[in-house]
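Inspection log for the structure reproduced underneath, given as structure tokens.
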Amino acid sequence: MNKNEAKKEIKRLREEINFHNHNYYVKNNPIISDFKFDQLLKKLEKLETLYPDLITSDSPTQRVGGEPLDSFSTVEHKVAMLSLDNTYNYEELHEFDDRTKKNVGEVEYVVEPKIDGVGVALLYENSVLVRGATRGDGIKGDDVTSNLKTIRTIPLRLMGNTLKNVEIRGEVYMPLTGFKKYNKEQEKKGEPVFANPRNAAAGSIRQLDPRIVELRPLDIFVYFISFTDKKFSSHYKALEELKKAGFRVNPLVKKVDNIEDVIKYCNKLEKKRESLDYDIDGAVIKVDSISKQKELGETSKNPRWAISYKFAAKQATTRLEDITIQVGRTGTLTPVAVLKPVKVGGVTVSRATLHNFDELKRKDIRIGDWVLVERSGDVIPQVVKSIKEKRSGGEKRKTTPKKCPICRSSVLRIEDEVAVRCVNHLCPARLKWRVRYFASRDAMDIDHLGESTIDKLIEEGLIDNIADLYHLKKEDILKLEGFKDKSAQNLLDSLENSKKQDISRLIYGLGIRHVGKYAAQILASKYQSIDELAEASTEELKEIDGLGDKTAEAIGSFFATTENIRLIEQLKTIGVKTKEIKKEGLPLKGNKFVFTGGLSNLSRPEASDLIKQQGGIVVSSVNKDIDYVVVGDNPGSKYEKAKKLGLNIINEDKFIKLIHKK
Ligand code: IVH
């Protein structure tokens, strides 16, 4: 290929990659497999290596790159980044509406969620992203272009031909799922956690090494064109244009006719707040007509054509009355703050996590302190910091415990891990979690054995381990408060039935660290009995596709523990199924299934069990490795994705035939 041909091919590849990037990240609707996408990118990389002078800053290969910076350079914004005036009640919104109407007559409004992240300005010249900056003091900000380029939903080149020379404003944020995952990993490593998704986004954008930013799950919603050589009559239409140019505009943006509808919609957004995967701290109300926006103008700080309506704060201060210690299923000791009950974002909070003892020390949080508590989405409330100025001197530190608060046995801190653990397998606190886990729906699915019953059985000394469940007699159960003859019999029947459960459920129910539902199914499809699994070497386990090294090691150490082996032996003696009854091999061995939509003849758990009994694996999300997608009534987005990926899609009839034929 000569240079001219390479140039054409490079252009074509970039367009194709940008198109698929947009489908994947912005529309959430990929139409090619990840593998094919990577191939396109590799092809482009190869050509660019051959002709390095053809590399341009907007090439999809240039998303992550560059060396860490020593500091950010300061840049002046094309248009000052104003902030918004705030309102806190509907009366103030009416006042805003009165002021607006007095100046420019009747108006229509656009109501948008106010994303709680970091405001940025993106400058495009000739459709190419040339600069991205933080707000700074509103006049000058930091040039964070290389960091912003790592966010796949920011187009490096604008799509279409309408917008070419523009400055766009948007909010970079960290989705709550990404935030939880990030903090969990940090906790495991003993590294500091972010107090909230907003800090996580702000901290990430201010990272000097773009390669670190690349690993942070950041995203963006854009909401304003601050400069353009194209004229728009309406803000709403400008947002439509931003979508066409390849940006993510928040799907909850709504155009309304009057202030009453603004208020109704603000109310609706506030209700929706808890169910979103990102934090919003209010609504932004904007006059839709751009000419009226111009007429209204701005003060030195805020535009007069927009205002924010703030929701109830998600932070509050209260007194930390005590720090208790929770012992988890794996023995991890977690400090938990007992708080003087306080309303945070409309919900009363009386407990909050303190993550771990290192974090407690780092933040110097003491019993008796006034603390700042925060909730974000459905994340467990947490103590952000203590308010040192309010200390009276009587506050007490809580030291890292040396003994388990429940069973008094010594605790252990595993090297490289921040967690402090109770290693006593018989610790009642751990037993409670283990039994709950064993009996849970995804594990042995034991009906009538709820949390409170389990707690009572342990308190009454009726069970010391999982196997004891199966030795319970009716008279034992009748000793528990609330049980009558019928309910006691129901529990006994459920226990009896659970003995026949599929071995993947038993493997999951044993509560081996890192072994979730999926790993348990993989193991059950590979090994026909718990004994075979127990005998597998860690090396052998590491070789299994889909299992990580950590999981393999955890399985190894589980079966190296005498109490666990004893438990398996007891379960076997009792008659719990620990071995798959061999039907001429396992016909669906290793085949991966996904369900979408409702089935008419079987329940999902029944269908899943049938698959598992034949060595198949049930997976919850669609990817290119799935062997069968079983589609029932009203299938969801998984169906669309499966079609796009060209997977093998079967209906319920075909599924039943497949199961019976095999
Ligand atoms: S419009 C001139 N719309 O809130 C208009 N801002 O307190 C500029 N924000 O600095 C802002 N979501 O960082 C606008 N839908 C939205 C927003 C939004 C979040 C942030 C933005 C701004 C701050 C104002």
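The values are calculated or read from the model by the stated rules, or taken from the named source; none is laboratory data. Everything numeric here is computed off the predicted structure, so don't read it as measured data. Ideal geometry is used to build each Cβ from the backbone, glycine not excepted, and the neighbour counts take in all protein chains shown. For accessibility, only protein heavy atoms count, side chains too; no ligands or nucleic acids. Shrake-Rupley method; radii C 1.70, N 1.55, O 1.52, S 1.80 Å.
Any residue at all in region 556-572 that is outside any helix (DSSP H, G or I), farther than 18 Å from GLY511 by Cβ and open to solvent by less than 70 Å² (accessible area, probe 1.4 Å)?
no
State all residues of region 325-378 that are open to solvent by less than 10 Å² (accessible area, probe 1.4 Å), assigned to a loop (DSSP other than H, G, I, E, B) and closer than 23 Å to GLY117 by Cβ; if no residue qualifies, say none.
GLY377
Could you list, in sequence order, the residues of region 295-324 that are open to solvent by less than 40 Å² (accessible area, probe 1.4 Å), touching an Asp or Glu at 6+ places or on another chain (Cβ under 9 Å) and either without any contact (Cβ under 8 Å) to a residue 60 or more places away in the chain or more than 16 Å from the ligand (Cβ to nearest atom) (or both)?
PHE311, ALA316, LEU320, listed by residue number.
List the pairs whose first member sits in region 2-27 and is free of Cβ contacts under 8 Å to residues at least 12 places away in the same chain, whose second member is open to solvent by less than 30 Å² (accessible area, probe 1.4 Å), and whose Cβ atoms are under 7 Å apart, counting only residues at least 6 apart or on separate chains?
Every condition considered, the pairs that remain are ASN23/PRO30.
Restricting to region 198-232, and then to whatever is closer than 30 Å to ASP288 by Cα and either of a type in the set (A, V, I, L, M) or open to solvent by less than 20 Å² (accessible area, probe 1.4 Å) (or both), can you tell me which residue is nearest to the ligand (Cβ to nearest atom)?
Within region 198-232, the match that is nearest to the ligand (Cβ to nearest atom) is PHE221.
Look through LYS184, LYS149 and report the one residue that is crowded, with 20+ Cβ neighbours inside 10 Å and closer than 23 Å to TYR278 by Cα.
LYS149
Check GLU260 against each of (1) within 15 Å of the ligand (Cβ to nearest atom); (2) of a type in the set (D, E, K, R); (3) free of Cβ contacts under 8 Å to residues at least 60 places away in the same chain; (4) open to solvent by 60 Å² or more (accessible area, probe 1.4 Å) and name the one condition it does not meet.
The number of the failed condition is (1).
Scan GLY66, GLY136 and give me the residue that is within 16 Å of the ligand (Cβ to nearest atom) and on the phi > 0 side of the Ramachandran plot.
Being within 16 Å of the ligand (Cβ to nearest atom) and on the phi > 0 side of the Ramachandran plot holds for just one of GLY66, GLY136, which is GLY136.
If the requirement is being closer than 27 Å to ALA520 by Cα, over 30 Å from the mean Cα position of the chain (by Cα) and open to solvent by less than 40 Å² (accessible area, probe 1.4 Å), which of these qualifies: ILE466, ILE477, ILE503?
On the way: ILE477 fails: closer than 27 Å to ALA520 by Cα; ILE503 fails: over 30 Å from the mean Cα position of the chain (by Cα).
The unique qualifying residue is ILE466.
Yes/no per residue for (1) closer than 24 Å to PHE35 by Cβ; (2) touching a Ser or Thr at 6+ places or on another chain (Cβ under 6 Å); (3) not in a loop (DSSP other than H, G, I, E, B):
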| position | (1), (2), (3) |
| --- | --- |
| GLY590 | yes, yes, no |
| PHE593 | yes, no, yes |
| ASN601 | no, no, no |
| ASP609 | no, no, yes |
| LYS612 | no, yes, yes |
| VAL622 | yes, no, no |
| ASP625 | yes, no, no |
| VAL629 | yes, no, yes |
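Kindly indicate the residue of region 233-244 that is over 20 Å from MET81 (Cβ atoms) and not in a strand (DSSP E or B) and also least open to solvent (accessible area, probe 1.4 Å) among those meeting that condition.
My answer is GLU241.
Within region 25-62, how many residues are aromatic (Phe, Trp, Tyr) and in contact with a helix residue (DSSP H, G or I) (Cβ under 9 Å, 6 or more places away or on another chain)? Reasoning before the result, please.
Here is the first cut: in region 25-62, the residues aromatic (Phe, Trp, Tyr) are 25, 35, 37, 51.
This time we only want the ones that are in contact with a helix residue (DSSP H, G or I) (Cβ under 9 Å, 6 or more places away or on another chain), so: 37, 51.
Of the residues in region 25-62, 2 are aromatic (Phe, Trp, Tyr) and in contact with a helix residue (DSSP H, G or I) (Cβ under 9 Å, 6 or more places away or on another chain).
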